[in-house]
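**Q** There's a structure below that I have some questions on.
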Amino acid sequence: MPNLHNEAKTYIESVLGMKVRLERAHPRVPFNIRDIYRTYELSIPMGHHSALTLMLLVSREDADYPGVVRLKKHVELVRKVTQHVVVFVCRSMTAQDRRSLITHQINFIQPGFQMFIPEMALDLRESFRQRREKSEVTALLPAAQAMLLSCLYAGIPDETYFTTNALLGDLGYSRVTLSKAVDQLTSLEVIIPAKSELHWKTYTFSGSPAEVFQKAKQFLRSPVKKRVGITRNTIPMAPGVCLAGETALAKYTMLAEPKQSVWGMTKKVFDNMLALEAFEVIESVDAIEEWVEIWTYPSLAQRQCIADAASLFLSLEDNPDERIQIALDELKEKVKWLA
């Protein structure tokens, strides 16, 4: 007959449809507990970097069911010496015994019959919620993308933990937008909730800058929402206006500057510049003198008069021009985590 602890492991694996890890444990419990039970740690992967660990109190083969009152005292003694969820494992229990354990909120496993572990159900529900949210994310919100790239430019902090304010930085987004960005980044496991002694939520990045960028890469999009042709009356160099497109790429690399300059700005800045008659939108291709790209977020470069390298890369990576692709390879050498 298989050992009871292996039966419990096999039973949980069959119910959950996943592999779990079982190891012998030696918590500092009273001798009377050691005489009655064998103790094991059973770890269940939860789809993120942490796992749910159960402390199994496995009834010895020759031991009878101790009764709910006595068992409850034993469980409380074990809870004092472990942070894991304590679960009683027994091969022989009646339906009445199981109902009594449920009524008294005592976790148990009777292999092949039933298990009652509410903490595991809650953790699994959270894990499946995160998986579902991850599968639903097709692209990061512009704000989430801007926050992530800003952190990568600044360098992932050496500190183990950081708060959401570190993600927000100087970008000026609302707390609602910040919350949505954090939800997306955690669902993709770009950042990971971290346990700390602080009184507010803390996070950590899931790797080096290059690893984080590669993990997020498929969810990053060009910041260019629209491209319009203009003739200009004045040089539109104002707060929120930057060199973009091939013009910016030429500043970073050996690419020759285009004949028609390209400017980048958000929709708000575009509307303001249009109201100031800094330029005029042109419909006729032949009459276009320069171009404006309307971006979903402002340049993240320290010199905000030019598009930041990562956003510029994302705006041009699908351009079929071989000259631009060669220049983008050169650009990636300037920002190592882009490669």
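**Q** Rank ALA309, PRO142, LEU22 by how far each Cα sits towards the positive end of the charge dipole of the chain (+1 on Lys, Arg Cβ; -1 on Asp, Glu Cβ) and give me just the farthest.
**A** It is LEU22, whose Cα lies furthest towards the positive end.
**Q** With +1 on each Lys and Arg Cβ and -1 on each Asp and Glu Cβ, how big is the dipole of the chain about its Cα centre, in debye rounded to the nearest 20?
**A** Using Cβ point charges on Lys, Arg, Asp and Glu, the chain gives about 1780 debye.
**Q** Additional query: If you put +1 on each Lys and Arg Cβ and -1 on each Asp and Glu Cβ, how big is the dipole of segment 263-315 around its Cα centre, in Debye rounded to 20?
**A** In total the dipole reaches around 420 debye.
**Q** Could you state the angle between the C-alpha long axis of helix 4-16 and the longest principal axis of the C-alpha atoms of the chain, as a value from 0 to 90 degrees rounded to the nearest 10?
**A** Value to nearest ten degrees: 40.
**Q** Then there is this: Of the options LEU178, CYS90, THR231, report the single residue whose Cα projects farthest towards the positive end of the charge dipole of the chain (beta-carbon charges: Lys, Arg +1; Asp, Glu -1).
**A** With unit charges placed on the Cβ atoms, the residue in question is CYS90.
**Q** Here's another thing I want to ask about it. What relative contact order, as a whole-number percentage, does the chain give when Cα pairs under 8 Å and 6 or more residues apart are counted?
**A** 12 percent
**Q** Hey, another quick one. Which percent of the accessible heavy-atom area of segment 1-114 goes to carbon and sulfur, probe 1.4 angstrom?
**A** Of all accessible area on segment 1-114, carbon and sulfur atoms account for 49 percent.
**Q** Over the chain, with the other protein chains present, what is the accessible area per residue in square angstrom, probe 1.4 angstrom?
**A** 55 Å²
**Q** Quick check on my link table: of LYS19/LYS332; LYS259/LYS332; LYS80/LYS201; LYS9/LYS80; LYS226/LYS334, which ones sit more than 31 Å apart, alpha carbon to alpha carbon?
**A** Where the Cα-Cα span goes over 31 Å, the pairs concerned are LYS19/LYS332.
**Q** Of LEU300, LEU167, SER100, whose Cα points farthest to the positive end of the dipole of the chain (charges on the beta-carbon: +1 Lys, Arg; -1 Asp, Glu; origin at the Cα centre)?
**A** Comparing the listed Cα positions along the dipole, SER100 ranks first.
**Q** Give the angle, between 0 and 90 degrees and rounded to the nearest 10, that separates the Cα long axis of helix 142-154 from the longest principal axis of the Cα atoms of the chain.
**A** Orientation of helix 142-154: about 90 degrees from the principal axis.
**Q** So, one more: Given the convex hull over the Cα atoms of the chain, what projected area results after averaging over all orientations, in nm²?
**A** That works out to 23.3 nm².
**Q** Could you run the Karplus curve 6.51 cos²θ - 1.76 cosθ + 1.60 with θ = phi - 60° over segment 83-90 and give me ³J(HN,Hα) per residue in whole Hz, x for Gly and Pro?
**A** Rounded to whole hertz, the list is 9, 7, 6, 8, 9, 7, 10, 8.
**Q** Please report the antiparallel percentage of the DSSP beta bridges confined to the chain, to the nearest 5.
**A** So the antiparallel bridges amount to about 70 percent of the total.
**Q** Next up: Can you compute the FRET efficiency between ILE288 and ALA238 using 1/(1 + (r/R0)^6), with r the Cβ-Cβ distance and R0 = 22 Å? Round to the nearest 0.05.
**A** 0.60
**Q** Tell me, what % of the accessible area of segment 201-263 is carbon and sulfur with a 1.4 angstrom probe?
**A** Reported share for carbon and sulfur atoms: 53 percent.
**Q** Roughly what would the spin-label model give for GLN325 and LYS201, points 7 Å off Cα along C-beta, in nm?
**A** Here the modelled spin labels are 4.1 nm apart.
The values are calculated or read from the model by the stated rules, or taken from the named source; none is laboratory data. The shown structure was predicted, so the numbers you read here are calculated from the model rather than taken from an experiment. Virtual Cβ from ideal backbone geometry, glycine too; neighbours counted across all protein chains shown. Ligands, DNA and RNA are stripped out before the accessible areas are found, and what is left, the full protein with its side chains, is counted by its heavy atoms. Shrake-Rupley method; radii C 1.70, N 1.55, O 1.52, S 1.80 Å.
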